[in-house]
Structure formats: C-alpha cells, structure tokens
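Q: Take a look at the following structure, please.
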Amino acid sequence: MFRFLHSSDLHLGKPFGGFDDDARGRLRAAREDVFGRLAQAARDGGAGVVLLAGDTFDQETPTPRILRHARNAMAQNADITWVLMPGNHDSLAATVLWSTLAQDRPDNLILATDPSPIALGAATVLPAPCTVRSPGRDLTETMDQPTPEGQIRVGLGHGGITDFAALGQAAPEGPRGVIAPDRAARAGLDYLGLGDWHGQIRIDARSWYSGTPEPDSFKHDVQGQALLVEIAAPGAAPRVAPVATGALHWHASLLSLTPGEDVPALIETMLPPRDRRHGTLLRLRAEGRLSVGERRALARALDASSPDFLSADVDLDGLTTLHSDADIEALDPTGGALRQAAQSLGAQAVDPDLSRGDREEARHALDLLHALAAEVAP
Amino acid sequence: MKLRAITLENVRKFAGQRAELSGIGDGINLISEANETGKSTFFDALHALMFTKYNATGKEVRSLRPASGGAVRVRAQIELPEGLFTFEKSFASQQRAVVRGGDGQVIAQDDEAERWAAHLLGTGIAGPAGLLWVRQGVTGLETGVKSENAQSHETRKTLLSSVAGEIDMVTGGRRMDRVIASAQSAFDALATATGRPRANGPWAEAITEADRLGALRDGLASEVAGLRDALDRRTAVARQLADLSDAERQDARARSLAQAEEAFAQAQAHAARVEAARKDATLAALQRDAAQGALDGLLERQRSSTETAATLDAAEGAQTAAQAVLDQAQGRADAAQRHATEARRSADALRAAQARAGQHALHAELRKSLEGAQARVVEAETQRVAAERARAALAPMRVTPAVLEGIERAAQAAQRVQAGQAGASIVVHYSGAARITHDGNALPEGRHALSGPVRFDLPGIGTLDLDPGEDEAAPDQARAQSAFAAALAEADMPDLDTARAAGRTREDAERAMALAQGRLTVLAPDGLDPLRAEVARIEDELARLGTPQEADAAPADPETLAQAVRDEAQTAADLEEANAVLNGARLAHERARIGLEDATRDHAAARAAIGAQEEAAEAERSASRTLAQAQALCAERDGALDEVIAQAPDHDTIAAELARARGAVEAAQEETARLRQERSELDGRIRSKADDGLEERLEETRARAETAEARAARFAREAAALRRLLDTLAQTRGAAQEAYFGPIQAELAPLLAILHEDAALSFDPATLLPTGMQRGDTPEALTQLSGGTQEQIAVLTRLAFARLFARQGTPVPVILDDALVYSDDDRIERMFTALHRVALDQQVIVFTCRQRAFAGLGGARPQLTVAPID
C-alpha cells in the first residue's frame, strides 16, 4: 500500500503586483506557508510522502530568500518525504535553481530532475521533469520504462493533456498540451499525478490534476486543495480524496442584474459570508441593467462591503443604467435644463449614428449627472 | 392672489399703534402719502410677513421693532380663488404664524403656516414673488451715508440681480450651476481646459506612473530576456560539456590517437630504412661514375693527342699562307704611299697660287675702302665747322619766333584799341521839318562821327552837347601802346618791321645750322671718331698685307686646281685602303703565329699526357674493368632501394591522421575548458539576476503597470465623460435660457414700447441681466443710460415677469416702494400706462411720497388708518 499527497503549482515567489501592499504581503505569506499546510494534510491523511508535480517556483530564477525558505520549510517537516519535480515555470533550464537546491538538499527532499525511477517503499515514482519551459513533446513517454516487479507505479508529470476540451466544463479554458490523456493506461501506471492546471481535475480514475494548494488568481474560483491518494497494491484502483490546503480565497462573481432587483439583498447573497471575507479576494463584475436608484443602491452596498475583503475589485462597467422618465423627473422636477441635459445624454447613449465609444461615454456622462445632481440638494 | 388689507401692530413708528391699510382693490392701488407717514414700514413689514420666518431674529426683524420694544405683528388679508384668508405673523417677543380662513378659523400655525405661505407664493419663501418687490428707490435718506448716485446704483443692482436670480430659479439654473460647478471641479482636477491631463492631477500622475512602470517593465523584460538567453545558453553548454565528458567518446578519441601515433612510429622507422638504402645506392652510383670518369679521361687524352697533331699541321700551313698575304699587302701599301705623296704636292702648289691671287685682290679692295673713308672724314669735318659757325651766329639773335609772336600780339592789341576809339558816332533821322544845326548848319540824316566834344542847336528846344568820351578811352590806348613798346624793348628792336626782319634772319641761320647738322649726322652717325678709327683700321690691314706682287695677281686655273684636289683625295683613299689591307694581313699573320705556338704547345702536352704507347693501352683495359664492377654494384643497390620504397606506407596520410587524432583530443580539452569557463560565467550572471529577484520584479512590475495603465484609462474615460457632460449642460442651459427669455421678452416688448418706440433690450446670457438697449440702429450699454432709464428698465423687466407669472396661472402682486424716483414727468406718465397695462390682470400696489407726480396714476386709493392698540 502506498499513500501520498499529490500537489503542484505552488508558484513560490509570485509577486502579485496588481494588489496593494497589504494584500500582496498576505498573498505571499500564504504561499510561503503552504509547505506546512501540505505537510499537515499529509500527516492528517496518514501519508509520509508529498509529490509536487512541477511549478513549485514561479520563476526560473527565484530569489535566494525564496529558495532558502522553501528548503527550510521542507526540512522542518522532516517526517515528510518531499519529491520536487521541475515544471514549465521552474524547468531544468533553471540550472542555478536546481543546483542550489541540490547543494543544500535536506535528507527528506528528493529532486526528480531526471526521468530515473525513484523508489519510495512500495512504490516507484516515474517522473517526467520539464527540460525547458516549452519542451514541445510528451515527456511522460519515459514512464513506459520498467520498474521492479510488485512495485506500485506512480507517474509524475507536468503540462496539459492533448484533449482538455474533452473534460468539458471542468476545464473550459484548459491549455493545449502534448501529454497523452491515457498515459496511465499506456504506461501501466497505478496513478498519474499531473501539474500545471491550477484547478483540480479528474481525467480518469488513475489520472488527476491536483490543482494548486494556494490559488493565485480568480480563474478557478475554488479553494486551494491537494489530493490524498491511497493505492492498495499494484493494479488496484487508487482512492483519491481532495483535501483543503488554501489559506486565502479567491472569489469571482458575475452579477447579472435586471430592474426590480432587491440589490442589497442580492449582494449579501452573492458575497461570501462575513467571517470569510477577511481572507477573501473579491472580484465582482456586474452586467445587465438597473435603474438609477438601484444602481445607486448597488454602489452603496458594494462600498459598504468592500472594506470587509482582503481585496475587492469591483467593475460595474458592464452594467447599463436605465434612466426612466421618473429618474429624469426626479433629477429636475422643474423640467428645466438639467432634465433636458439628462434627456440629451440619454439620447446620445442610444444614438446609432454615434460610435460605440461615444455612446458609452454619453452613458457614463449621464451616470455622472445623476450622481452629481444627487449630491446637490434640489 | 390678491392683497385686500395689511395691518401692522407695534411696528417701528407705529409703536403701540395699529396701522391699517384697507380697501386694496384689483389692479392699480396707490398709497401716496407724505414722508414719514410709514409707507416703507408697510412695505418692509409686508415683505417680512411673506419672506421672513416667524421665529427669525435677524436684521430684518430687528428693524421692524419700535424703540419701545414689544411684539411686532403683521397681518394681511389675502384673497385666493378658494376664498379670503388672513395670514398673520408675530415677531420678536411673540413668535408665531397663523393662517385663518374667512370664518376666522385657524387653518395653520407656525411652521405649517409658513408652508401654507410658501405654497401660496409658488416655490417657497425665496420664490418668484420676491421678484415682484421693488424696494424704495434712491432717496438718500435710508442710510444717510452713501451718496445719492451710489445708492441709486446699489438699488438698481439689487433689483437686477434679483431678476437674474429668479430667472435662474425658474430655469432650474441654480441647481444646474452647482452641478456644473461640481462637474467642472471634477474635470479641472483631472484635465486642462483643452482636455489634456492636468499637471500634478491624478490623471497625469496615473499616466506618469503608468509610463514609469511601463518603462521599468520594458527594461526588466529586456533583462529577463537576457536572463532566459543565459539560461538557454547554460543548458546548451551543459549539454555540450556532457557530450565532451562522455567516457566512450573520450576513450574513442584516446584510442584513435594511440593508433595514429603507432602508425606514425612505424612509418618513421620505414622511412629510415629507405634513407639508408638510398645512401647505399647513391654511394654505388658515385663509384660507378668515378670509374666511368677515369676511363673517359684516358680515352679523352688519346683523342686529344691525335687532335693536337692535326691542329699543329694546320697551324703551320696557316702561318705560311699568312706570311705570303702580308708580303703582298706591304707592297701595295708602299705604292699607294708614293702616289698619295705626289698628288698632295701638286695640289698644295696650286692652292698656294690661288691664295696669293686672293690676297692681291683683297689689298686692292682695302685701298678703295680707305679712300672712301678718308673722303667722308674730310666732308664731315667741313659740316661740323659749318654747324658750329651757324650756332655761334644764332646766339646773339634775340628775336626768336616766340618773342616775335609776343611783339606781334602787342602790336595788334594797340591797333585794336586805336581802331575802337575811332568808332564813336551819332545817327540822325528826321520825321518832321525841323533840323539840327551845328555851328549854324543843318545836320543831315545819317551817321556822323564824333572826334571830340561838339554842340548842336535844336531849334525851338535849345542846344545839345555831345562828348564821345575821349578822356575815358585814353588809358586803354596808353596801356596797349606801352605793352607794345615794352615787347620791342625786350627784344631790343626799334620797331615792328625791324623785329620782323630780325626774326627772318634768325630763321635763316637756324635752317643753315640744321642743314649742316643733318649732313654731319648722315656722314658720321656715330661721330667723327669712329669714322677716323675705321680709316686707321683699314690702314693697319693694308700694312699687314704688305705690298702685293703683280705676278701674284693671276689666280690658278680652276679646273687644274679641282683635278689636283680630286687626285689628292683619290690617292689618299687608296693609301688608306692599302694600309687597311696591310693591317689585316699583319693581324692574320700574328694570329697564325699564335695558333702555331698554341698547337705546338698543346700537341707537346698531349703527347706528354698519354705517355708511352704500351702504358696507355694497359691503363685503358684497367679502367674498363673497374667501370664494369662499379656498374654492377650500382644496379644491385638501386634494386634494393626500389624494393624498400615500394614497401613504404603513406607517410603523409599517417601524419595527417595523427594530427587529426591529436587535434580532436586537444580540441575537446580546449572546448571543455572554454565551456566550463562559459558555464561559470553564465552561472555567475544567472545567480546575480536570481539574487536580484529579476523575474519576480518583472512580474510584479508588469502587474503594477497594468493596474496603473487601467487607472490612467479610467481617468481618461472619466475626463471624457465629464467633458461631454459639461458640454451637454452648457448646451441645454443655453437652450433653456433661450426658451425662458423668449416669453419674458415677449412680455417686455409692449411695455418697453410704451416708453421707447422700436427699443429692445439685450441680456447677458451668463448673468441673465439686461446689458443694453437698442433704439433704432443705436445700441447702448445699460450703464450708459440715464439713472431714470435704468430704473424704468428694471421696473419694466419685473412687470414682464409678473405678466409671465400671471399667464402661467400664478398671479402675484407687484409692489413698488418709491421705485420711480428718477423718472421725469413725461416718463413717469408712460410708466403709469405700463403699470395699468400690467394691472389688467395683476394687482399692483404702489407706495410713494411723490403725491403730485403720482396724482395722474389713477387706480384705487386704499385708506391708511392709525389707532392705538386696544
């Protein structure tokens, strides 16, 4: 029996330059602390091995601090055997990276920098390290090599499979890769652990992408996870269980709005619970249509909620404001120039003779007019 | 809305009193009272009732309180379509507001009462009714501080400003102003007036930040590209090093080198063997050649002896033949010598005779030349003497042509003066019978010369004395005569004729001297001395020739002399040819002699070399045997050499193979060293970049740049939207102003026409204030109009607004408090007409102290009653 934790795509050293200093600091800290959470997840699952299927580091030349911190984190979890395999971000072309790790390697760290089989008790790991950033060939072909009789065969690869599209909605934007999706069957593997795709995906019963243990974008909208894998014997079906490992949450929402919505209630429903918001990065996109008042209510609700989050990126550009006669009358009950200005901008916003940019600019100007008029008491 | 009565209690001068203005009717109402009767108190109290909150404590309220204090109460009876209402406010110590219905029932109190009034007045306490109030005009009595003109200006300004303010309110302009101000402020914070990012504004800063980060990103991207290249190169170097370090390949290179070195050693050994065989063959060939040389030498000496003997015989024969030729040539040369000597002697004799004849002829020629030269010397001397004599004769002759010309000019001048004096005369013509007489004689017509003073008688007239002026002409004549005399004296001549004779004599002498001088020049152009020297030279030449003999006068016969010369040349040529032949014979003879000596010597040597006959034969046989042995040895050695050469390997190929094997090993070593060095350098470079966190910085900067660019783009969109909003607001406000000014001006036009025909007001679209008036074709700025006209325009503008409100169904009273203080009688009458025109559907209440001026206004006359408060 062989039990291990399958993970990948830690992307240590990712800078997160698009965030403010506070969020960036917490994002980096959460990423660097992931070793401890992976080790604990392995212990909790009764596993003594963590297989990292590539992209442990975000760059081919991580700073000495990042390298040292990773090395120390693995060494401190001495009861765990760590197997690190180069991915496309930290391929073998990153010679300094791998030579530095090799020079100061703790005993519980195995560097899978060539396709040689790695014996780990009852199992033999067959790694397919990325030689360069874009190898352009299926490196997992080396997994066909024989292993001692009676050994559980575990493949470790990195990159996209050739027909991600076949996975459907599980990976709607999956990469176009070169790895044969039936590699496990072809090479007689009991399990094929893959990296590169940050979401967690089951290709078949023996082939999985573990996903990243600490998400780094809104792309997958899932909490960081790893896979706890148990293989009873050669040929036995693996038992694969996702385990949570993420510290921060990336929450992306698309609000499709229509007039008449109870906007504050809807916002409260769409957003994560308040107790999770402190560790959540929010990206909210709104589309559809709202009245002036509803849009104002939406903006107020979002303004009130945004400080709850570690980071809040709200984009209402896709939302169309409906300027009803009542709205325009409320803007200027006297029917004076303000109302006429609003009507003029409203007409510009739907004028087919204007360019799309001009129409959007007019719509924006109309929203501004409502906002400014609201600030000025009638 | 119409006011029917106004009641004041305890207001200003009405302290403790109730003052009531009652009987206010529709249309015009005139309250015309003297000063200090309380008209402005009514005006201000009514204004406070309408527009000042009951609980206000401000200046307006305080101004209403009498000096004795106490509550101030103002009440108005107001008629509305719904009925009659009473609106009352108490200020100061009792603060309340009450609205009662016609039955006295309280309808609203305090704030509710205020709202009732606000609703009544249309749009609140600051509503359009405020527009229709015209406070007291310029009297100079309100403050007693400002000058009359300043008061007038301030009053009109307040009036016109309130007009503008009400228009704004009606058009919603005040709110729009605030919106525009907010939008403009937001726009100004972002952009300049031309829409460019404002310096130090958030948009400009966002662009600057985006540019900065973009530049940083590009720089980092370039560095990362370099880093990636280094990593790729590092991978390639590692791969090459691995290939070079491959054990099998290293062994193959070593084996290849060892084999090449072994083959080369064997080739070197075989080459040594070839060299030894070549030396043996060479040595044998040398021995063969030596034997052959010895035999050839022996045979050569035998052949040489035979040849020298023949050569000796031939030399002896040649020497004999040469001697015979020499003897013959000597005889011919001797004969030629004799013939040449004889011919030369004959020619010389003939040439001597010819020379002597030539000298004889030359002597005769020289004699002739001597005679000519001597004759020219004599003639030249004669001419020289003649010239000297002529020159000596000329010296005393003073009448030169120039002197004579001066004398002639003086004489002519004297003659001209004398002739002029002789020309004075008179000319007489008669036209009647009377005649001039002189000394009793009638003077005939014509010219009459006057030689001196003369007197004529003129019958019936008297006498006429004429004087030709002789005394005045005398000095000129004297000067001319004096000059003439001086010229003669200068030439030492007594008179003109003598001078002329002396001049001619001098001319003759000059011609004689010129003739002698010319001849002398022809005879001796270079003077007499060269001529005399030529005579001496000829004489010397004749002396040198001596005296010739007459026998030498005949020259030699030319033909004889020519033949002698030809013979001389021919015999000389023959002699030269004979001598040449002789010299050739002598040379041939000498050569033959030398050849004989050489042949004799060579033959003796050859004979000495071969020695005796028997020894020579034996030597030849011995040399032949030695040669045969040497040739056999040589053939044997050559065969051995060919054999060893045929067995030799390809040395060059083996050497090239060795060089290639060595080169491969050395190149691998050098390439390995070079690649290790490059790898070390690449590692250093990569590690340096890694230490610097280059890729991380790039990713971070890239994200930050995108954020900054997005921010700048948002600001750009915001600025564009604000610009569009501001433009739209400006357009719609302009349109709104036009829309509202149209009706106002329509109402104003007939009112204005009452005062000024064909007049129209212009308004400032920004301030909405009247800015000028155009009468006919003459535009006039408002400030250029008289104070009265400005005042009238202000009132008419208000009346126009009042008409507008009335047409909109919200008529409100127009209340004027001494508003026309500057209008003259004519204009005020017209203003009354305007007021009546408005009053057709509008209540107008006029307060004035100008009782006589407003007597013609007409309309109702409300009653003012004052009584103590109960």
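Please treat every number below as a calculation from the coordinates, not as lab data. Bear in mind that the values here come from a model prediction, so they are computed numbers and not experimental data. Because the Cβ atoms are built from the backbone with ideal geometry, glycine has one as well, and the counts that use them run over all protein chains shown.
Q: Can you tell me what the convex hull of the Cα atoms of segment A:249-375 projects to on average, as an area in nm²?
A: Taking a quarter of the hull surface, the average projection is 8.2 nm².
Q: Going by alpha carbons, how many degrees (0 to 90, nearest 10) lie between the helix axis of B:528-545 and the longest principal axis of chain B?
A: For helix B:528-545, the angle is close to 30 degrees.
Q: A further question follows. Counting partner chain Cβ atoms within 10 Å of every residue's Cβ in B:230-239, what's the average?
A: Across B:230-239, the average partner-chain Cβ count within 10 Å equals 4.
Q: With only alpha-carbon atoms in the gyration tensor, what are the semi-axes of the equivalent ellipsoid for segment A:306-352, in Å, largest first?
A: Value: 30, 15, 8 Å, ordered largest first.
Q: Pull out the extension gain between B:Arg537 and B:Ser68, defined as 0.36 nm times the separation in residues minus the alpha carbon to alpha carbon distance; nm, one decimal.
A: 151.5 nm
Q: Sorted from largest to smallest, which semi-axis lengths in Å does the alpha carbon gyration tensor of segment B:589-744 give for its equivalent ellipsoid, taking the root of 5 times each eigenvalue?
A: Largest first, segment B:589-744 gives 123, 36, 15 Å.
Q: ³J(HN,Hα) across segment A:84-98 via Karplus (A = 6.51, B = -1.76, C = 1.60, θ = phi - 60°), whole Hz, x for Gly/Pro?
A: Rounded to whole hertz, the list is 9, 10, x, x, 6, 6, 10, 5, 5, 5, 7, 4, 5, 4, 6.
Q: Output the Cα-based Rg and Dmax of segment B:165-316 in Å, rounding Rg to one decimal and Dmax to a whole number.
A: Looking at segment B:165-316, its Cα Rg and Dmax stand at 54.9, 169 Å.
Q: Check cross-link reach from B:Lys39 to the lysines: straight Cα distance under 20 Å, and skip same-chain residues fewer than eight apart.
A: B:Lys2, B:Lys13, B:Lys59, B:Lys89
Q: Who wins for biggest fluctuation among A:Asp144, A:Asp55, A:Asp104 in a Gaussian network model of chain A, springs between alpha carbons below 10 Å?
A: A:Asp104
Q: Give me the dipole magnitude in Debye, nearest 20, for segment A:2-244 about the Cα centre, with unit charges on the beta carbon: positive for Lys and Arg, negative for Asp and Glu.
A: Its charge dipole is roughly 160 debye.
Q: If you don't mind, there's one more thing I want to ask. Mean residue ellipticity at 222 nm from the helices of chain B, using -39,500 (n - 2.57) per DSSP H segment of n ≥ 4 over the full residue count, to the nearest 500 deg cm²/dmol?
A: For chain B, the value works out to -24500 deg cm²/dmol.
Q: May I pose another question? Need one word for segment B:233-380: rounded, prolate or oblate. Basis is the Cα gyration tensor (sqrt eigenvalues a ≥ b ≥ c); a/c below 1.5 gives rounded, then a/b vs b/c decides.
A: Numbers: a/c = 16.61, a/b = 2.05, b/c = 8.12.
Verdict is oblate for segment B:233-380.
Q: Starting with the fewest neighbours, write out B:Met493, B:Met397, A:Met85, A:Met74 ranked by other beta-carbon atoms found within 10 Å of each beta-carbon.
A: Least to most surrounded, the residues fall as B:Met397, B:Met493, A:Met74, A:Met85.
Q: Next question. Over the alpha carbons of segment B:325-420, what is the largest minus smallest coordinate on each principal axis, giving the biggest first in Å?
A: 130, 29, 17
Q: Sticking with this structure for a sec: In debye, nearest 20, what is the charge dipole magnitude of chain B about its Cα centre with +1 on Lys and Arg Cβ and -1 on Asp and Glu Cβ, if you could check?
A: About 6380 debye.
Q: Sticking with this structure for a sec: Hull surface divided by four, with the convex hull built on the Cα atoms of segment A:1-46: how many nm²?
A: 3.6 nm²
Q: Give me A:Val154, B:Val844 sorted ascending by neighbouring Cβ count inside 10 Å, so fewest comes first.
A: By the 10 Å Cβ count, ascending: B:Val844, A:Val154.
Q: Right, another one. From the Cα trace of segment B:565-643, what convex hull volume per residue do you get, rounded to a whole Å³?
A: So the per-residue Cα hull volume is 147 Å³.
Q: Sticking with this one: Give me A:Thr61, B:Thr320 ranked fewest to most by other Cβ atoms within 10 Å of their Cβ, as a rough exposure proxy.
A: Fewest-to-most ranking of A:Thr61, B:Thr320: B:Thr320, A:Thr61.
Q: Also: Take each of the peptides B:789-802, B:721-734, B:188-201, B:435-448, average the number of other beta-carbon atoms within 10 Å over its residues, and list them starting from the highest.
A: Sorting B:789-802, B:721-734, B:188-201, B:435-448 by mean packing, highest first, produces B:789-802, B:721-734, B:188-201, B:435-448.
Q: Okay, next question. Highest mean first, what order results for A:87-96, B:257-266 on Cβ atoms within 10 Å?
A: Values: A:87-96: 24.7, B:257-266: 14.8.
The densest-packed peptide leads the list: A:87-96, B:257-266.
Q: Continuing with this model, one more query. Rg and Dmax of segment A:2-244, Cα atoms, in Å?
A: Here Rg and the maximum Cα pair distance are 16.5, 55 Å.
Q: I'd like the Karplus ³J(HN,Hα) series for segment B:264-279: coefficients 6.51, -1.76, 1.60, θ = phi - 60°, whole numbers in Hz, and an x wherever there's a Gly or Pro.
A: Calculated HN-Hα couplings, in order: 5, 5, 5, 5, 5, 5, 5, 5, 5, 5, 4, 5, 5, 4, 5, 5 Hz.
Q: How shielded is B:183-193 by partner chains, expressed as the average number of their Cβ atoms within 10 Å of its Cβ atoms?
A: Rounded to a whole number, the mean comes out at 1.
Q: Once you sort the root eigenvalues of the Cα gyration tensor of chain B as a ≥ b ≥ c, which label holds: rounded (a/c under 1.5), prolate (a/b larger than b/c) or oblate (the other case)?
A: oblate
Q: Expressed as an acute angle from 0 to 90° and rounded to the nearest 10, what is the orientation of the C-alpha long axis of helix B:173-190 relative to the principal long axis of chain B?
A: So the helix axis and the longest Cα principal axis differ by about 30 degrees.
Q: Taking the 0 to 90 degree range and rounding to the nearest ten, how far is the long axis of helix A:337-349 tilted relative to the main principal axis of chain A, both from C-alpha atoms?
A: Tilt of helix A:337-349: around 40 degrees.
Q: Right, next: Arrange the peptides A:240-252, B:96-108 so that the one whose residues have, on average, the most other Cβ atoms within 10 Å appears first.
A: Top of the packing list down: A:240-252, B:96-108.
Q: Another question, then. Shielding by partners for B:693-706, please: the mean number of other protein chain Cβ atoms within 10 Å of each residue's Cβ.
A: Counting Cβ atoms of other protein chains within 10 Å of each residue's Cβ and averaging gives 6.
Q: Oh, and also: So what's the gap between the Cα centers of segment A:329-373 and segment B:528-587, to the nearest angstrom?
A: So the two Cα centres are separated by 146 Å.
Q: Given axes a ≥ b ≥ c from the Cα gyration tensor, I'd like to know whether the protein assembly as shown is rounded (a/c under 1.5), prolate (a/b larger than b/c) or oblate.
A: On the way: a/c = 6.56, a/b = 1.26, b/c = 5.19.
The shape class here is oblate.
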